[in-house]
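Below is one structure, written out as structure tokens, with a few remarks after it.
The values are calculated or read from the model by the stated rules, or taken from the named source; none is laboratory data. Here the structure is a predicted model, which means the values were calculated and not measured. In this analysis, Cβ positions are derived from the backbone assuming ideal geometry, glycine residues included, and neighbour counts consider all displayed protein chains. Remember, those area values only see protein heavy atoms, side chains included, never the ligands or the DNA or RNA. Shrake-Rupley method; radii C 1.70, N 1.55, O 1.52, S 1.80 Å.
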Amino acid sequence: MDDLKKVNVDTLTAKEKQKCYEAFVAFDKNVSGYIEKDELRAVLEEMGQKPSEEELIKMINEVDLSGRGAISKEDFLKIIAYHKMILQTSDEEDIKLAFIALGGNEDKTGSVDRQKLINVIQNEFNLSIDLNRLIKELSPNQNELKYEDFRNLLQN
């Protein structure tokens with residue numbers, strides 16, 4: 001997986017790295033410093049999955065950057081950082097699409113009408129969120145939200 005090789009683990013916070021190390025230690029039953037095939041099988045079986053030998057080998061080979069046939073702590077961190085990056089990219093794309101659907105431009109210029117956003121949230125999604133208060137905190141005295149304010153509203 002070439003994308004995994006390019007991932008920077010420094011995108012993970014110190015707290016996220018600590019949680020990764022804790023999870024890694026829980027998986028590394030024989031304390032070898034690697035998650036080996038049998039350990040991966042045990043974890044997956046605990047989760048109710050029944051992976052075949054071929055599936056286990058494929059999973060390890062997809063993330064094993066060192067070529068050892070097992071998952072190192074660094075490989076594990078890269079997997080988590082990659083997953084985080086994918087989720088952030090997906091979230092950003094979803095926010096952009098929502099911005100466009102509500103009247104913003106594809107290049108993130110333009111704006112979304114405050115009342116239109118409130119109507120969509122309250123009437124189409126039946127959510128009883130006090131959007132007026134949230135929008136005022138982000139864009140006081142404005143009837144329209146620019147992309148950055150729209151993104152901040154949805155992410156917070």
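If Lys and Arg each add +1 and Asp and Glu each add -1, what is the summed charge of the other residues whose beta carbon sits under 12 Å from the beta carbon of Gly103?
Every neighbour counted, the sum reads 0.
Specify whether the C-alpha gyration tensor of the stretch 93-156 places it in the rounded, prolate or oblate class, a ≥ b ≥ c being the square roots of the eigenvalues: rounded for a/c under 1.5, otherwise prolate if a/b is larger than b/c and oblate if not. Intermediate results must be reported in sequence, preceding the final value.
Details: a/c = 1.61, a/b = 1.22, b/c = 1.32.
Since a/c reaches 1.5 but b/c is at least a/b, the shape of the stretch 93-156 is classed as oblate.
First check a/c for the stretch 1-80, with a ≥ b ≥ c the square roots of the eigenvalues of its C-alpha gyration tensor; if it is under 1.5, answer rounded, and if not, answer prolate when a/b is larger than b/c or oblate otherwise.
Oblate, since a/c reaches 1.5 and b/c is not below a/b.
Please identify every one of the GluC sites (Glu not before Pro) in the stretch 37-118 that sits in a loop by DSSP and has no more than 10 other beta carbons within 10 Å of its own beta carbon. Write out the running numbers ahead of the final one.
Values: sites: Glu39, Glu45, Glu46, Glu53, Glu54, Glu55, Glu62, Glu74, Glu92, Glu93, Glu106; in loops: Glu106.
Taking the stretch 37-118 and a limit of 10 other Cβ atoms within 10 Å, the loop GluC sites (Glu not before Pro) found are Glu106.
Tell me the carbon and sulfur percent of the accessible area for the stretch 5-107, rounded to whole percent, probe radius 1.4 Å.
Result for the stretch 5-107: 54 percent of the exposed heavy-atom area is carbon or sulfur.
Rounded to the nearest 500, what is the chain's calculated 222 nm mean residue ellipticity when only DSSP H runs of at least 4 contribute -39500 (n - 2.57) each, over all residues? Let's see the in-between values first.
Details: 8 runs with 91 residues, N = 156.
Mean residue ellipticity at 222 nm (helix-derived): -18000 deg cm²/dmol.
Here are labelled values, (i) 17.0; (ii) 18.8; (iii) 16.0, and one is the computed Kirkwood radius over Cα pairs in Å for what I pasted. Which one?
Read-out taken from this structure: (ii).
Per residue, how much accessible area does the chain show when a 1.4 Å probe rolls over the protein heavy atoms, in square angstrom?
Value for the chain: 65 Å² per residue.
Nothing charged except the Cβ atoms of Lys and Arg (+1) and of Asp and Glu (-1): what's the magnitude of the dipole of the stretch 26-124 about its Cα centre? Round to the nearest 20 debye.
Values: 13 positive and 21 negative charges, 57 e Å.
Dipole about the Cα centre, nearest 20: 280 debye.
Tell me which lysines have Cα within less than 25 Å of Lys84's Cα, excluding those fewer than 8 residues away on the same chain?
Straight-distance partners of Lys84: Lys5, Lys6, Lys15, Lys17, Lys19, Lys37, Lys58, Lys73, Lys96, Lys108.
What is the angle, in °, between the Cα long axis of helix 37-46 and the longest principal axis of the Cα atoms in the chain? Nearest 10 is fine, range 0 to 90.
50
Using R₀ = 30 Å, calculate the FRET efficiency as 1/(1 + (r/R₀)^6) where r is the Cβ-Cβ separation of Val120 and Ile86; round to 0.05. Walk me through the numbers on the way to the answer.
Working: r = 27 Å, r/R0 = 0.90.
Approximately 0.65, to the nearest 0.05.
Between the DSSP loop rule and a limit of at most 14 other Cβ atoms within 10 Å, which trypsin sites (Lys or Arg not before Pro) in the stretch 1-55 are left?
Loop-located and lightly packed - Lys6, Lys29.
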